[in-house]
Each structure stands twice: as C-alpha cells, then as structure tokens.
Amino acid sequence: MTETTDIPGNDLELLRTMRSRNNQSWHAFIRNRTGMTGMLIFLLFVALAILAPWIAPGNPSAITMNILIPPNSHYLLGTTAEGQSVLMQTIWGTRSTLLVGLSAGALATLLSIIIGVGGAYSGGLVDDVATLFSNIFIVIPGIPLMIVLTTYLHHAGVGAMILVIAFTGWPFGARVLRSQTLSLRSRDFVRAARLSGEGTWGVVRRELFPNMLSLIIANLLGTIMYAIGAEVSLQFLGLGNINTVSWGTMLYWASNYQALLNGAWWWIIPPGVCIGLIGGALALVNRSIDEISNPQLAMSGRSKKRRLRRKLA
Amino acid sequence: MTESHDAPILSLEHVSKTFHSGKGTLIHAVRDVSLVINPREIVCLVGESGSGKSTTANLIMGTETPTQGVVSYRGQNLAQIRTRSAILDYRRHVQMIFQDPYGSLNSLHTVGYTVGRPMQIHHLVPSINRGADQILRLLRQVGLTPPSEYYYKLPYQLSGGQRQRVAIARALAVQPDLVVADEPVSMLDVSLRAGILQLILEARESAGVAFLYITHDLASARYIGDRILVMYKGRLCEEGPAEEVIAHPHHPYTQALVEAVPNPERMGQPEEIIVTPDLNETKVLGSGCPYYPLCPVATAQCQDTMPEWTFVQDQHQVRCFNAAPLSMHHTS
Amino acid sequence: MTYLRRRLLFYLIAFWASITLNFLIPRLMPGNAAEDLMMRMHGKVSPYALKALESEFGLAQHTSLLTQYGQYLVALAHGNFGVSITYFPTPVIVVIEQALPWTLGLIGVATVISFALGTLIGIWVAWHRASRWDRFTVPAAMFTSAFPYFWLALIFLYVFGFLFHWFPLAQAYSSSLPPALTVPSIIDIVYHAILPAFTIVIASLGGWILSMRNNMIPSLQEDYIQLARAAGIKDRIIMYQYAARNALLPNLTGFAMALGFIVAGAILTEIVFSYPGLGFLLFQAASNQDYPLLQALLLIISVAVLLANLIVDLLYGRLDPRANRSGG
Amino acid sequence: MKEILGVEHLSVTYTDGNRRIPAVNDVSFTVDEGEIIAIAGESGCGKSTLITAILQLLSPDIADITGSIRLNGQDLASVDPELLRRMRWTDISLVPQSAMNALNPIMSIEEQMKRIMAAHGTMPTTRDLDKRIDETLVMVNIQPRYKKLYPFELSGGMRQRVAIALALMLHPKLVVMDEPTTGLDVIVQRGILMEIRRLQKELGFAVCLVSHDMSLLIELAHTIYVMYAGRVIESGPSREIYRTPKHPYTQGLIACFPPLQGSRKVLEGIPGSPPDLGQLPPGCAFQPRCTQCLDICLAEIPVLEKVSSSRAVACHLYPSQLTSNTGESTYDRIS
C-alpha cells in the first residue's frame, strides 16, 4: 500500500479476492502448464543421472575402434574420435553436470541467504559491509575469476569446482534477497509479530521465511542454471578433471579432436541440447513462479484474466 | 468520561525524539511531549501527517527510544526494560493495532494462528490448538461470528473490516492494559468504520482496556475519545476533554482542523477562501511555535518563543500566547 | 552525498578490492604454482624481472606481506605485470595491449547492439503483449538464452563457417591483410567479426528482451500511463516517452549487473573463434599456466567491467532525476 | 442547460474465463454544462470501472460494454480513434485518484504539461506555451518557478494541485475527479476542495465527482448518484438526499459519519461487508446487510424508479408510483 491512500478507493476488494486465488502457490503451480513442463523436463534429467548405470550400463569412457561413426542403429548418437558412445557419455555426463550444478547452486543460495537476509535483518554496519561485499562481487566477473582459480588448482576436482562456482555465484541472490528482506521487515505484519512478543528467530522463521520461500526457490533455480553453465564452461576449457565424463569434457574433447572440422556434429549437438533443455526447463519453472507471484507478466491464453486484474488494480 | 483514581498506565514526560536526516540536518519528530494515559481511558492523539503521532506511537511501543525525556509504564522507565522477560512482560500489557489491515496480517497465517500465537508466546494457552476455545471466544467478541467459520480462514478470504477485527482480536488476545491504535479505521470503507469504533468502545467497557487512538479525523476522535490531544509538527498544542476541545478550540491550529472537517450542514453556503499554503512551503522552524508560519494571529513573539501551557478550562489547556487563562474567563 | 559521489566512491572501493583480490589469490591458493613458475623462469629472465615476479607472487618470504603489498602496488602503478611465459619474453603489459582493442571492439559493439536491440524488441512485445508475436518471442527468448555462448559459437561456426563457407573459421583478420586503417583491411576485420558478434548477440538477446518486457509491462499499468491516455497523448509517445523511459531505468541496472556475466560468455566465444582478444589470451594463459598473464588479465577484465558499470551508472544518473536530487 | 455527458443504460461486464463479473449495471445519468454531479460509493461498487468506461479506457477484449455514452453530443462508440483522441482533455479531462502515481516520475511538471499541449497541437509559439503553463499553475496556487521540479520533489497537496492544473490545461467542458482529496491531510484537503469550487465557478466547467465521502459530496455537488454493487441505487439533489435519504444503504452511509456538533449518538454503521461483484447475493445486492429487508428483496432485484420529480431510488421499500400507490408494502418485514 502506498502511504498516501487512505481508502482503497477503486475496486480493490474485487481485485484482492481474485488475486488471492493465486496465493495458494502449490495448487497454482501444479495447474500452471509452463511450470509443470519445466519441472518434468528437469526431473527427467535427474532420473537420467540417478539411473545412468541401469539405463546405459558399462563404462562410458571405454575406447573402441569404432571412431567417429555417425548415428546409426547401434550407436544412436554416433561415436567419438576415441570410439566411445556419445549416447552413453551424454547420459553419464548428466551426473557430473547435475551434481556440480545442484550442489554449487544450493551452496551459493545458502551464501546468498546468509549474507543477504542476515545482513538486512541485522541492519547497521553489518548490512553496510554485506551490501558492499555483494556489490563488489557482482561487478567482478565470475568466469574469469573462476578460470584463474581453477588454473591454480590444476584441474580442479568436483569439490573444488563446486566451491569455486559457489564462491562466485552468490552475490546476485544476496542482493535480491536483501531487498526483499528489507521490504518485508518494514511491513506491518512483521512489526505486529515483534510487538506481540515474537523473538528474532521466531520472526525470521514464522514471518519472513514463509513469505520469502518463492523468491528463494526462484533464486535457487537461477543459481543452478548459472552453476551448470559455469561447470560446463570450465570443463570445456579443460580446467576441470578432463578424464571425467561430463557434458563439458565431451565438448572439450570434441573441440580438441576438431570434431566439427571432421563433420562430427553428433558429438557436439547432444551435450549442448541437454544444457539448453535443462536451462530452458529451469527458466520455465522460474517463469511460472514469477507468474504466480506477479500475474501481470503472464503471456498467453489466460492473459485476459490477468489484464482484467490489471484494469481493476 | 471515565474518571479513575488509579495511577496512570503510561506517561510521557518531556519526551523528544530527534532523527538525523541523510543530509545532516536534524528532524525533530517529537518535541517536549508530556502526556498520561489512565486506566480505561481513551485518549485521542490528533494530528496530520508529519505531526509526529506515529513516532509517539513507536516511542510508546518501545521500538524507538526517546532522545530526551522519559516514557514510563506504571512508573517504570521503558529505557530500563532490557531483559527478554521484562520486554515480554511489557508486550503482554501494551499492544498495538495498525492502520492498514491489508498489511498487518501475514497472508500465510490463518485467523486462528494470528490470534492464538500471541497467547502462546505469553503462555496464556499451552498451544494454539489447545487454546482454540479462547481464540474462538475472542473472535466472537470482535464480531466475527460464527467464529468457527473464521478460524481457518486466511486473510485474503476476509474483507477489510473483518481483517481489522482480526487485528483487534490479536491485540486483545494477551489481555493488555493499553492498546495503541494507529488510525485503525482510515483505510476501511466508511460503512465499516462505525463498527470498528464500536468495538473499541466495547473492549474498554468489557475488558477495561485503555486506548491511545491516533487519528487525523476529529469527528471520530470526538465520537470515541475521552480526551483529545492535538499535535502539530512534533509538539502538542492543545489538550482537553474531547467534547470541550471540539466545541471550543482555542489553538488556531485546532480551529483550522475543526473548520476543515467536511460538513454537510454547510452545503451551498458561500465560503471564505482561506488559502492554505502547503506544508513544504513553510519556513524552517526555529525555537518558536511550529504553527507560526500559518497562524493568522501570530505575533513576533510566536516566532522565537514556544508558549507555555495555559489552562483555559479545568482540564483544557492550550499552548498559545493568545489563549486567555482560566481566571480571566471567570472574571470577564 | 550526491548520487554521483556515492557511486564514484563505490567504484573506488571496488577497484581497490579487485586489486587486492588479485594480490591475494596467488598467496591464498594451495600448491606451489608460483615456485614452479619461478623454476621455469630462472635463467630466462633478468634478475630485475625475477624480483618483480617474486613480489607479485609472494615468494619473497623475507619481506612482510605489507611490504609485498606495497611493492605490488608500485609495480601496478608502473604497469609492470611481469613477463608472459606463453609469449616469452614479451612483457605481459605489451601482450595485453595488443589484445585489448580486439575485445573492446568485438564485445563492446556486440553487447551494445544486443542490449539496444533486445530493449527495443522487449518494448515492442510488451506493448503488443498476448499478441501472436509476444507468444512467439517469449519462449524463443527463453530458449536461446538457455544455451551456453560457446556452444552456440561452435554450432554457428560449424553451420556458417564449415558447411556454408560464408564466414572465416578463425582469427580477427586475414593473415594476408595485416590490420590497418585502409578500406579493404577494415572490411576484412568486420567480415571476421560478424560471426562471433552474431553469436554474442544471439546468446544474450533473449535475456534483454525478457527483462525489458518484464519491466515494461508493470510500467504500462501505472496510473500515469492511464492519465496520458486519457489526455489524448499519442500511443507512440506513451509507449516510448512514458512507459519505456521509466522501464528502461531498472533495465539499465540489470544491464550493469549482468555485464560481468556477458563478458564471461563473450570471452568463451572468443576462444571458440580463436579471436585474438583477452578471452583467447586468458585461455592460453590458463592452458600454459602463465600466471603473470593470468593475473594481469583478471585485473584488466575486472577493471573493464567496473568502468562499463560506471558508465551505465552515469547514464542512469542522467536519465533518472530522482537519482541525483533525492540522494542522501 | 446543455448536456455535456449523457450515460445511458451503461453496463460493463468483465469476462474472466467462465466467470462474468458485472462491475457496472445499467447506469444512466447526465451532466449538464457547469453542473457538479457526484457518484458516491465504497470500494468495489464499480465507480472506478464506470469512470474508466466513460473515459473510453477499457479495452473491449477484457470487458463487455453495453449502453451508450454521449460526450458533447457525440456517441463515443461511433467516434473514430483519432477524433476520440482529440476530444480527450478538450471535452473531458480527469483528475486521478492518486496524484502520487498519476504523474510521470521522471518528467518535470513543465514537460508533462508541454506534452499534453503538444498532443493537441494548440500552441503556436514557445512563448505562448510558457505563458499558458505559468497561468495554469498560478490558477491552482502553485508558483510558476516550481514547474521545473519533478513530482517526487512535491508534497502530496502540491502534486494534487498539479494534477488539477493538468486537467484544466485545455479548458475542458467536463472534469472527472476520482477521489480528488483522498489521502491528503484534512487542512490541505479543505484547501483543494475550495480551489476546485473556485475554479469551477470561474471557468464554468462541469464536474463529475467520485468519492466514498458522503459529507464531502453533499457539501460540494448539486446532484448525487449513490452506487452499490455496480448499480445506482439512489439519486437526487444532494440536499434532499442528505435530509431524507431513502435507500437503507444511503441512510447507513450518512449515519456512518460521527457528527462534529450535536449529541453523541451511538453510531450504527452498516453490518457486514460490501459484496464480491463476482458473487452477488440473489435479489437486491444490499439485502444481506439491510436491516429493513423484505421477502421480495431476496428474490427480486429492485429497479431504479422515480419517487418524486427529482429523486429516484431502487428499493422495494418504495414501490413504484406507477404500479402501486399504497406507499406501504404488502410484504412482511423479515427482520
């Protein structure tokens, strides 16, 4: 509410009842086709990663004599220059990429919460320092920093890579979460909770967090996307362990063996499409969360309803 | 008016609150304010935006600390309440109702939780579920009937008036002595306001709660209040029994406020046009009366010196050089 | 403090922070990369250069960290980043000087084009929201921005370079035509830049479209838009002067924040195209463990992003009257 | 007197998937030259929709609009877009509800005024334009030197004055004012009201005033239309409505305001809450809150009918003079 409006003077009541139907977020999410599509694609990849040994049994790195074979009935996606099955590598590669993506994303989000929410809630000097820190880290470009760090680490292992990505991936989220915390903190229902005797932790746990959940999830998804992109990029540059099987290393070897100049497009396309699919899936989920919390942005089909809301607003 | 011989619940003695603006200037939000609130009394603090009434509420709730002066609850200085249990004890006795019923309820909590949680915090009930009886009784008391129908509702399922009733129930849940109500009806539809005002009056009658009712609306202050305090730019300028202050306003500012209330009885009558300069056009204030730049009867004295309180009636006092003291009224 | 002063102060601090981070990284990282480096350099460079390396990587253990920091700052002020291993014995600063214009030209132009184009398309689809175009653009933008830059680069290279032979496969200019300020040379340079620039534009365009659309749609519902409509102001003026001008402000902030990310993506694009800019250098430095070059590149890229941010901030200050006057 | 605005049987129904929300239902009224009419109602009564429809700002793909709107003799439904654009602000202008949000935050006051003038191509020289801007600002009691300022640099009252100045720039024949003083301090509010009254007398434009504040409307307007749940439920001269409100809702609204003088009687208020326009109760929409409800009220929607030469009311308590003249209802009261 703006501070100038004394009376909800237009048809606010109607607007509120309508908008609030969207408030039961989970139901809204399940009914949201965009979000469910994204979620399903994402879960498909998670399943692929977990079930890799059953879906594609064998050693994905096993070298054979069948080099650079285009897709055929035996090798559905062809083979690499070392005769490995691209399909197997793609399936197994899901594991490393998702492992790094998910854990680095989660870790970075945790950092964002601690620094953003913690800073904003503490206020004062703590907040000033936290804000300065995140603002500085936002302008320091992440990938070059990661390249330097992993170079020092000589082919970073999975753990190191997760740490490095998380280290560069938190500031954006911290900034977003901070401003949300600040706005929630000054809201009357939070003041009311404090005045009714709720302690600091109680306010955070019972009032702030439930209201921030959708933003935190959105931020987590965004960070996972970032982490997957970063992992693939570093692997592509050969800065990780080049002997693991991941989408990034596949592209690294493809590029090393000049796959494209040999016309071996089947080696390049699958990992990229997978990355694109996961990224797109996460973007879809994120968008549906956005739509549910901010109905104005919705694009098609049911846009009428949303425009109606806008009209009444 | 409820006359009480008890000691006041809450008192402010010469309280000032100064903020630092970013540009290095000082903002005197509250200046030299003294007031008392007695048990079962409804005191109205009347003022416009920027008058310092919200800061006063924050000082009373302990979310701001005074720069000068003392806020005390039953004789105890608020500044000395430090321990968690003492703070809890204070929260148990002094509660607040906010202006915006759309912002003061967490949209994710049910009515039952919102009302029951303070009871649980203060150990008035063992748990929210086991306190359902008391919560339902309270909901009925604030006019949400049948209460069981409201218990599991979320704020979005309620109208503005119903939300404000929930907010009142939350404040009354801990059986406080005093409730600070910050413009509790100004954001509600007019047809719902009377009901909320009635509820406040009932709470005073049945539970003996005292209220500090903060408003800019003189008419509702007259309706609900025992006493009215008029505040302008951080200073109290008039104080007295509600009826008396509105019928016989002495301070030029109070007079302007009374004049400004829309009055259907005046319809169609030609009117003298008082040009009211906007607040931001007035000069920076010195040590004098803050109303000086707008005051039609101001003198040079008003610019430099803040007038002291003058009694114009038994319990009616004014801070204005033009106010004739009580004794002179009697002689003339 | 005014908006401008506050921002300048911030950039000074950020500048200092990136310098210091650069100083700390080699000292904090595990392993003996630097000693390894010294071993490789011994006998190859002058004692003076060796000393500079020592102070840069914290091997001069007889001096305190503070002294090292002081020496590091002095070297920095003189542009002394040591000697590159990859391009031995060229000083790092010279190597970077040669690569910098390529990167600035390619990434700078491509980013500005992408931002401007994306913003315009975003304005347009927001204005015609729920139209056929909107329904097509939004998923398309989401889809293209999900792919990594370097992968798109690989695909474009394959399709337009390898299969169709429309564009060269690598480099920034033909080896037969050294860069010069002549018409054929400039045409040659532009010709080489088209495919990498196209990659950067395509990869980043979707993000700008979506963010401008997301900013524009709420701004279209503001009361002042309704009022302007009621006042009979023409649609075109409402669209650009009222709605888009307001929506552009948060988008500019987003632009500043995303710059680091864009630059990172663009750097990877350079690597795929063997484009002789900072990104390609960074890749070579990483592959050869050329620490002096690596450190200097990180610093230069950080400073470049900082400067770009500063420019965006200055622009913001000019566009938003609230930034300057209410500051404080 | 010449009619400026004629609204006839206007209905606006929002369509929301399968739901249809009747926001404005069969509303008719006219505004004559120099007349001040008021539309009174609380949140959710459809008055914002009504204004938006009159100003032709509702897009037909979210709302079905039936009935007709005549502005200055022309049926707006048949006017082509360019002519409509030119009629805007010269025939009908708007003082919006919240000047806080209604001014473009990144344009100076001067620039916003210039844009409006430019849109109507009426100013030949810059000097004339500057003069007009200064004059208009002086008219609403703002010193011309403030024209270089931006909205965020003005107080709430000043912003509202600027909004009024914008609305008067092209000397419109009708000014629609949507809660022009809501949210302002009482004294500032009073100043603005008197400003409006003075300007209206000087310039002679007609006003369509929309507010929830009955006492303000009664003080200012000649004729009042009271809306509830999308319908006009009572209309008449403001003085008569104040003295003898007929519809129970109007009675409640007037009784809602505690008086500043006289005895302190207990305020009744109106029980219940305004209805959700999407889920109106059967029969009269006010029936669940009405203390004088009859059986027929639960079944039949009352029609707005004349009860005297100047007044009309839509309530079963006042049976139409045409059909029955008994005055007393044959239905039993149920509460």
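In this structure, does C:L169 turn out to be open to solvent by less than 20 Å² (accessible area, probe 1.4 Å) and either within 14 Å of chain A (Cβ to nearest Cβ) or part of a helix (DSSP H, G or I) (or both)? It is false that C:L169 is open to solvent by less than 20 Å² (accessible area, probe 1.4 Å) and either within 14 Å of chain A (Cβ to nearest Cβ) or part of a helix (DSSP H, G or I) (or both). Restricting D:L170, D:L149, D:L94, D:L83 to residues that are open to solvent by less than 30 Å² (accessible area, probe 1.4 Å) and either over 20 Å from the mean Cα position of the chain (by Cα) or charged (D, E, K, R) (or both) narrows the list to D:L170. Every test in (1) at the interface with another protein chain (Cβ under 10 Å from one of its Cβ atoms); (2) among the polar types (S, T, N, Q); (3) in contact with a Leu (Cβ under 8 Å, 6 or more places away or on another chain) is passed by B:S186 save one, and that test is (3). Only residues that are under 21 Å from B:L188 (Cα atoms), more than 8 Å from every other protein chain (Cβ to nearest Cβ) and of a type in the set (A, V, I, L, M) were counted across the range B:116-170, and they come to 7.
Which count do you get for residues in the range B:308-332 that are more than 15 Å from B:Y292 (Cα to Cα), at pLDDT 70 or above and either loosely packed, with under 11 Cβ neighbours inside 10 Å or among the small types (G, A, S) (or both)? The qualifying residues number 2. Being under 18 Å from C:L104 (Cβ atoms) and away from chain A (no Cβ under 12 Å) is a property that holds for C:Y275. Just to be sure before I move on: is B:L35 within 18 Å of the chain's Cα centre (by Cα), farther than 17 Å from A:G197 by Cα and either open to solvent by 30 Å² or more (accessible area, probe 1.4 Å) or touching a residue at least 24 places away in the same chain (Cβ under 8 Å) (or both) in the structure I sent? Criteria met by B:L35.
Quick grid of which residues meet (1) open to solvent by 60 Å² or more (accessible area, probe 1.4 Å); (2) over 24 Å from the mean Cα position of the chain (by Cα); (3) closer than 25 Å to A:I143 by Cα:
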position	(1), (2), (3)
C:I200	no, no, yes
C:I217	no, yes, no
C:G232	no, yes, no
C:L248	no, no, no
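No other residue among C:Y191, C:Y173, C:Y224 is without any contact (Cβ under 8 Å) to a residue 40 or more places away in the chain and more than 20 Å from C:Y158 (Cα to Cα) apart from C:Y224. Scan the range A:40-91 for residues that are part of a helix (DSSP H, G or I) and farther than 30 Å from A:S288 by Cα and the total you get is 7. Quick check on the range B:238-246. Is at least one of its residues part of a helix (DSSP H, G or I), more than 8 Å from chain D (Cβ to nearest Cβ) and not aliphatic (A, V, I, L, M)? There is at least one residue in the range B:238-246 that is part of a helix (DSSP H, G or I), more than 8 Å from chain D (Cβ to nearest Cβ) and not aliphatic (A, V, I, L, M). Of the listed requirements (1) crowded, with 23+ Cβ neighbours inside 10 Å; (2) more than 8 Å from every other protein chain (Cβ to nearest Cβ), D:L129 misses just one: (1).
Here is a yes/no grid of residues against (1) free of Cβ contacts under 8 Å to residues at least 40 places away in the same chain; (2) in a helix (DSSP H, G or I); (3) of a type outside the set (A, V, I, L, M):
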| position | (1), (2), (3) |
| --- | --- |
| C:F162 | yes, yes, yes |
| C:A180 | yes, no, no |
| C:A203 | no, yes, no |
| C:M216 | no, yes, no |
| C:A228 | yes, yes, no |
| C:R236 | yes, yes, yes |
| C:A244 | no, yes, no |
| C:P250 | yes, yes, yes |
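Taking residues in the range B:87-100 that are more than 8 Å from chain A (Cβ to nearest Cβ) and over 9 Å from B:P176 (Cβ atoms), and partners anywhere that are outside any strand (DSSP E or B) and at pLDDT 95 or above, the pairs with Cβ atoms closer than 7 Å and at least 6 places apart or on different chains are B:I97/B:A167; B:I97/B:I168; B:I97/B:A171.
Residues in the range D:32-60 that are closer than 26 Å to C:I225 by Cβ and in a strand (DSSP E or B): D:I39 alone. Once the range A:231-268 is narrowed to residues that are over 16 Å from A:Q84 (Cβ atoms) and surrounded by fewer than 23 Cβ atoms within 10 Å (Cβ to Cβ), the residue that is nearest to the other protein chains (Cβ to nearest Cβ) is A:L260. Note on the range C:112-137: among residues that are over 23 Å from A:R33 (Cβ atoms) and surrounded by fewer than 16 Cβ atoms within 10 Å (Cβ to Cβ), the one that is farthest from the chain's Cα centre (by Cα) is C:L120. Within the range B:129-141, take every residue that is touching a Phe, Trp or Tyr at 6+ places or on another chain (Cβ under 9 Å) and under 13 Å from B:R170 (Cα atoms) and give me the one that is surrounded by the most Cβ atoms within 10 Å (Cβ to Cβ). Only one residue fits best here, namely B:I135. Contact map, the range C:3-21: first residue closer than 14 Å to C:I311 by Cα and more than 10 Å from every other protein chain (Cβ to nearest Cβ), second residue polar (S, T, N, Q) and in a helix (DSSP H, G or I), Cβ cut-off under 8 Å, separation 6 or more or different chains; pairs are C:Y3/C:N324; C:L4/C:N324. Here the range B:20-52 is the region considered, the condition is being in contact with an Asp or Glu (Cβ under 8 Å, 6 or more places away or on another chain) and of a type outside the set (A, V, I, L, M, F, W, C), and the residue that is farthest from the other protein chains (Cβ to nearest Cβ) is B:S34. When the range D:13-28 is examined, which residues are found to be within 25 Å of D:K173 (Cα to Cα) and open to solvent by less than 20 Å² (accessible area, probe 1.4 Å)? Of everything in the range D:13-28, those that are within 25 Å of D:K173 (Cα to Cα) and open to solvent by less than 20 Å² (accessible area, probe 1.4 Å) turn out to be D:V24, D:V27.
Scanning the range C:138-166 for residues that are farther than 27 Å from C:F280 by Cα, facing chain A (nearest Cβ under 9 Å) and surrounded by 20 or more Cβ atoms within 10 Å (Cβ to Cβ) gives C:V138, C:M142. Within the range A:179-207, track down each residue that is within 15 Å of A:S122 (Cα to Cα), open to solvent by less than 60 Å² (accessible area, probe 1.4 Å) and outside any helix (DSSP H, G or I). Result: A:G199, single match.
Based on what the data block shows, is B:T56 open to solvent by 60 Å² or more (accessible area, probe 1.4 Å) and modelled with pLDDT of 90 or more?
no
The values are calculated or read from the model by the stated rules, or taken from the named source; none is laboratory data. Worth saying up front: this structure is predicted, and the values here are computed from it rather than measured. Virtual Cβ from ideal backbone geometry, glycine too; neighbours counted across all protein chains shown. Quick note on the areas: whole protein, heavy atoms, side chains included, nothing else; ligands and nucleic acids left out. Shrake-Rupley method; radii C 1.70, N 1.55, O 1.52, S 1.80 Å.
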